[in-house]
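What follows is one structure encoded as structure tokens, with my remarks underneath.
The values are calculated or read from the model by the stated rules, or taken from the named source; none is laboratory data. For clarity, every value in this text was computed on a predicted model and none was experimentally measured. Backbone-built Cβ (ideal geometry, glycine too); neighbour counts: all protein chains shown. The area values use the complete protein model at the heavy-atom level, side chains included, leaving out ligands, DNA and RNA. Shrake-Rupley method; radii C 1.70, N 1.55, O 1.52, S 1.80 Å.
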Amino acid sequence: MLSPGVRRIWVPAGTVYYVSADGDDANDGLSPKSPIRTLERMNSLDLQPEDGVMFRRGDVWRGRIYTKAGVTYSAYGRGEKPRIYGSPYDAAI
């Protein structure tokens, strides 16, 4: 049991990839300083069980994520949870 105020830290056994709306798909995505940018690039990664994909908090993406069994999808940074919308359009009026 964890003491009050103590947070559990996830440490993956595999490779961790970082995705940020300010990233670049030419990056390798292996650190928060070199994140990839698009869901299309993230979907093209050769993800293996025990790998992780971290989306930057506060960012927004539109499109699909094709999840893979055994891969952990989570967030990094501070702020609001990342938002991922399945529609390519903002239908708000």
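Restricting the first residue to the range 77-93 and requiring it to be over 19 Å from Arg37 (Cβ atoms) and exposed (fewer than 10 other Cβ atoms within 10 Å of the Cβ), which pairs with a second residue that is at pLDDT 95 or above and charged (D, E, K, R) meet a Cβ separation below 8 Å and a spacing of at least six or different chains? Every condition considered, the pairs that remain are Arg78/Arg57.
If you check Arg57 against the conditions, is it of a type outside the set (A, V, I, L, M) and closer than 25 Å to Ala13 by Cβ?
So Arg57 passes the test.
Identify the residue in the range 38-80 that is touching a strand residue (DSSP E or B) at 6+ places or on another chain (Cβ under 7 Å) and among the polar types (S, T, N, Q) and, among all such residues, is nearest to Tyr18 (Cα to Cα). Going through the qualifying residues, I end up with Ser74.
Consider the range 15-37 and keep the residues that are in contact with a Gly (Cβ under 9 Å, 6 or more places away or on another chain) and either open to solvent by 40 Å² or more (accessible area, probe 1.4 Å) or modelled with pLDDT under 95 (or both). The one that is nearest to Ala69 (Cα to Cα) is Thr15.
Determine if the range 55-67 includes at least one residue that is open to solvent by less than 50 Å² (accessible area, probe 1.4 Å), hydrophobic (A, V, I, L, M, F, W, C) and more than 17 Å from Lys81 (Cα to Cα). No, that holds for no residue.
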